[in-house]
């Protein structure tokens, strides 16, 4: 006589529960694994340490924060335009016969490059004049520097009036055309202005401090002819 013995149901659940636990622990260990540094956007030595040192924090705090990945940055609004290690001009840039500092403004590329003689130093993505208010082209020199000012103009009846306080790092190169910082839009890489060269405040500050002559601290610094940095604006 054969006796059929039923196996308790809970004994079937033991291996299933064990398998679930193993898989669960394994998935948590994968998720907890840190991404390699090269996979973190914007995580560079300059990003991690440069701003911390300027903030005046203690060495302990700076060292702790420097281990954290830097946040990603928007492509068209860098903290500051990159240093240029290699320049592929495709014949678009006409190099002047000079060893002095000069600024190339490429309206078709919406780009500014700071040069010292034939050597490119730093490049910036900018916004030049809109079709109805284009940026002037030609060869000029920095003619005035203003640390900060209010800019206004346009026609209220046509809906083009603007009044912008605290426009920073202004450098005039022809009449009312200038390089200056911009806080009212973030559409760099396309025409947006009434004719000026819009830059991020960080980029405009770097160019302001780099271009000659050095700012003398006056509200309006007039620059003598042939003393200011050469500016070449072209399509």
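With an 8 Å Cα cut-off and a minimum separation of 6 or more residues, compute the relative contact order for the stretch 101-234 in percent.
Numbers: 316 pairs, mean separation 45.7, N = 134.
Normalised by residue count, the contact order of the stretch 101-234 is 34 percent.
Taking the highest mean first, how do the peptides 142-154, 186-198 order by number of other beta carbon atoms within 10 angstrom per residue? Don't skip to the end; give the middle numbers.
On the way: 142-154: 16.2, 186-198: 19.2.
Result, highest mean Cβ count within 10 Å first: 186-198, 142-154.
May I ask you to derive the FRET efficiency for residue 147 and residue 116 from their Cβ-Cβ distance with R0 = 25 Å, giving the value to the nearest 0.05? Intermediate values should be presented prior to the final figure.
Details: r = 24 Å, r/R0 = 0.96.
Given R0 = 25 Å and the Cβ-Cβ separation, E is 0.55.
Measure out, as a whole number of angstrom, how far apart the alpha-carbon centroids of the stretch 99-134 and the stretch 175-235 sit.
Comparing the Cα centres of the stretch 99-134 and the stretch 175-235, I get a distance of 10 Å.
Please arrange 106, 176, 203, 226 by counting, for each residue, the other beta carbons lying within 10 Å of its beta carbon, fewest first. Show your work: numbers first, answer last.
Details: 106 19, 176 11, 203 28, 226 7.
Lowest count first: 226, 176, 106, 203.
Averaging the inverse of every distinct alpha carbon separation and then flipping it gives the Kirkwood radius. What is it for the stretch 101-234, in angstrom units? Before the final figure, lay out the partial values.
On the way: mean 1/r = 0.0675 Å⁻¹.
Over the stretch 101-234, the inverse of the mean reciprocal pair distance is 14.8 Å.
Report the extension gain between residue 226 and residue 161 in nm, rounded to one decimal, defined as 0.36 nm multiplied by the number of residues separating them, less their alpha carbon distance. Please report the intermediate quantities before stating the final value.
Values: separation 65, 0.36 × 65 = 23.40 nm, distance 3.40 nm.
Result: 20.0 nm gained on full extension.
Calculate, in nm to one decimal, what residue 187 and residue 219 gain on full extension: separation in residues at 0.36 nm each, minus their alpha carbon distance.
Values: separation 32, 0.36 × 32 = 11.52 nm, distance 2.90 nm.
Difference between extended and current length: 8.6 nm.
Pop a pseudo-label 7 angstrom from the Cα along the beta-carbon direction at both residue 176 and residue 108 and give the gap in nm to one decimal.
2.9
Using r as the Cβ-Cβ distance of residue 234 and residue 97, and R0 as 25 Å, what FRET efficiency do you calculate, to the nearest 0.05? Could the numbers behind the result be given before it?
Details: r = 17 Å, r/R0 = 0.66.
The formula returns an efficiency of 0.90 here.
So how do 170, 136, 231 line up by other beta-carbon neighbours within 10 Å, fewest first? Display every interim value, and only then the final one.
Details: 170 20, 136 15, 231 23.
So the residues, fewest neighbours to most, are 136, 170, 231.
How far is it, in nm, from the label point at residue 136 to the one at residue 168 when both lie 7 Å from their Cα along the line to the Cβ?
Inter-label distance under the simple model: 2.7 nm.
Throughout, read-outs are computed from the coordinates displayed, never taken from laboratory work. Computed from a predicted model, the values in this text were never measured in an experiment. No Cβ is skipped: glycine too gets one built from the backbone with ideal geometry, and neighbour counts run over all protein chains shown.
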